[in-house]
Every structure is written in C-alpha cells, then in structure tokens.
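The values are calculated or read from the model by the stated rules, or taken from the named source; none is laboratory data. All values derive from a computational prediction rather than experimental measurement. Using ideal geometry, Cβ is built from the backbone for each residue, glycine included, and neighbour counts are taken over all protein chains shown.
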Amino acid sequence: MRIRAGYEITYELPAPTPMLLMLNVRSERFDDLETPDLLQTTPQVPIHSYRDSFGNLCTRVLAPAGRFVLHNDFIIRDTGEPDRATPDAVQHPVEDLPDEAIQFLLPSRYCELELLRDLAWREFGDIPPGWGRVQAIVAYAHNRIEFGYHHARSTKTAFEAHEEGQGVCRDFAHLAVTLCRCMNIPARYCTGYLGDIGVPVVGEMDFSAWFQVYLGGDWHTFDARHNKPRIGRILMAWGRDATDVAITTTFGRADLVGFKVIAEELA
C-alpha cells in the first residue's frame, strides 16, 4: 500500500516567534518513505532539528511576523495490514520491566493516576492481567467518552474527560493510558497520521492520537477512540502524554488561521 500524507498549517504572527515543531514521522518509518518527509516553510527560514529523549524528531524555527505556513507532502509505503493483535501477550510484574518502560507507569501532566486508581482496580482488578485487561480498558474508555471536535480543550486531563464524558482522540488516549498505568501496565501516548483507509470516510482529516502498551516483551498499539484495528497508521511521535508530543509549540502569540492534513491511499 502507498499512502500520500502531509499538512498545511497557517499562522498569523504579530511579531517574530520561536516555534518548536514535531511534524516528522519517527525514524522507524524512514525506510518506508518513497519521497522525503521534509518540513517546509513559507517564507523560508533556517531550520534546526534534534531528537528528544524519546527519539522523536523535533524542529526549531524562528517564524517571522506576518503569515507563516508550515507544509509538507510525501508518499510512504505501508503493509496495508491492520494493527497487530497478540491475545496471548502477558503482563509483566513491575520488577521484571525494562528500565525504559518504568517512566510510562508514572503520573504525568494529563494522566492523574491518583484520581483514577480506585476506579481502575474496581473495574479491571478481576480481569486476568494481559491483553484482555488492556482490551477491557480500551472498551471502557471508548464507551465512556463521546467524540466531538467541539469538545476539544487543550487543558483537559484524563480525569476531566472521564467525568465530562466528552472529548477528542487525545482524551480517549489519555484516559486509556491513565487506566493502564493504574493497573501497572506501561502505556505511552502516540500521535501521527490515521487516514480513513479501509473504513468509511467521516469528517475532516486531522492528526490522530492513540497509545501503546508494553506486554509480552514488546509494545502494542491500541486505539480507544475507534476500539478496532485500523489500517495505515503512521507514527510521528510518542511520549508520556500530549505534552511530550505537541505538533506545534509557540513561544509567543500565534493565531492559527488554516489547518489541513491529508492521509490517503494511492491507487
């Protein structure tokens, strides 16, 4: 399968503004690229890239005053297979987890374990550890939250999404991540492209959020918003929660005036 992906994000800036961007695919997908995944700007400005502590590719720019556009358009190959299911994947005791997984058991900005731990053990404590327990958590988050772009709020936490019962894909992911961590299952927040491939086309395309858990010695993908395996997922970044993988961070006033994302299968 070949997928065309990209974006055009437009800002109006009253003054020169530093920006931190996370808009490239992760290095694990570099070999799948048919055309370069290159961040471009209009007007052109110097670009500095580095890798953060999670291995995500980050970009720094100083955007000039006025209209500033971030854009990209590339082609990437994909297996065309849905998210892998491994029902026999086991949950590891905390003492047996690799060191790098421990940070994904801890509370973070949007994942307040202390507020949801009692609920998690009450709902999922009787479910055998492993794949089935994670799937039960995914189903719970999927059924608990009503999706709607008008429910988006940049400050909304997992607990608030649970109590309000409304949110967008990041809220589904934050809630499921938090409940997994409450049950001692390492869980990390992911962001990337997920086009309507193999499913009916619904609404405008946007970047998507999902999560991964550590079971059976490997990381596995789950999606609480859709609660089903999907095709054509293109990972851009992972971290503890949305704080670590923000698509754009502006250090000053920046008015978003245009936002377009594409992820579509090519014939």
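Values as computed for the structure displayed
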| item | result |
| --- | --- |
| Condition broken by residue 128, with the remaining ones in (1) of a type outside the set (A, V, I, L, M); (2) farther than 18 Å from residue 189 by Cα; (3) within 20 Å of the chain's Cα centre (by Cα); (4) modelled with pLDDT of 95 or more satisfied | (3) |
| Pick from the stretch 13-45, criterion assigned to a strand (DSSP E or B) and out of contact with any Phe, Trp or Tyr (no Cβ under 8 Å at 6 or more places or on another chain), ranking: surrounded by the most Cβ atoms within 10 Å (Cβ to Cβ) | 21 |
| Count of residues meeting criterion [under 10 Å from the mean Cα position of the chain (by Cα) and either without any contact (Cβ under 8 Å) to a residue 24 or more places away in the chain or in a strand (DSSP E or B) (or both)] in the stretch 209-233 | 4 |
| Enumeration of residues in the stretch 236-246 that are surrounded by fewer than 19 Cβ atoms within 10 Å (Cβ to Cβ) and either free of Cβ contacts under 8 Å to residues at least 12 places away in the same chain or not hydroxyl-bearing (Ser, Thr, Tyr) (or both) | 246 |
| Wholly enclosed helices (runs of 4 or more DSSP H) of the stretch 76-195 bearing at least 1 residues surrounded by fewer than 20 Cβ atoms within 10 Å (Cβ to Cβ) and not charged (D, E, K, R) | 99-102, 113-124, 131-144, 158-164 |
| Subset tally (residues that are more than 18 Å from residue 152 (Cβ to Cβ) and either surrounded by 22 or more Cβ atoms within 10 Å (Cβ to Cβ) or not polar (S, T, N, Q) (or both)) for the stretch 213-231 | 13 |
| Pairs, first over 20 Å from residue 225 (Cβ atoms) in the stretch 116-138, second buried (at least 20 other Cβ atoms within 10 Å of the Cβ) and among the basic types (Lys, Arg), C-beta under 6 Å, six or more apart | 127/133 |
| Residues (surrounded by 16 or more Cβ atoms within 10 Å (Cβ to Cβ), closer than 23 Å to residue 261 by Cα and under 23 Å from the mean Cα position of the chain (by Cα)) located in the stretch 51-68 | 56, 57, 58, 59, 61 |
| Any hit, the stretch 22-31, residues being outside the structural domain of residue 256 (by TED's automatic domain parsing), farther than 29 Å from residue 154 by Cα and modelled with pLDDT of 95 or more | no |
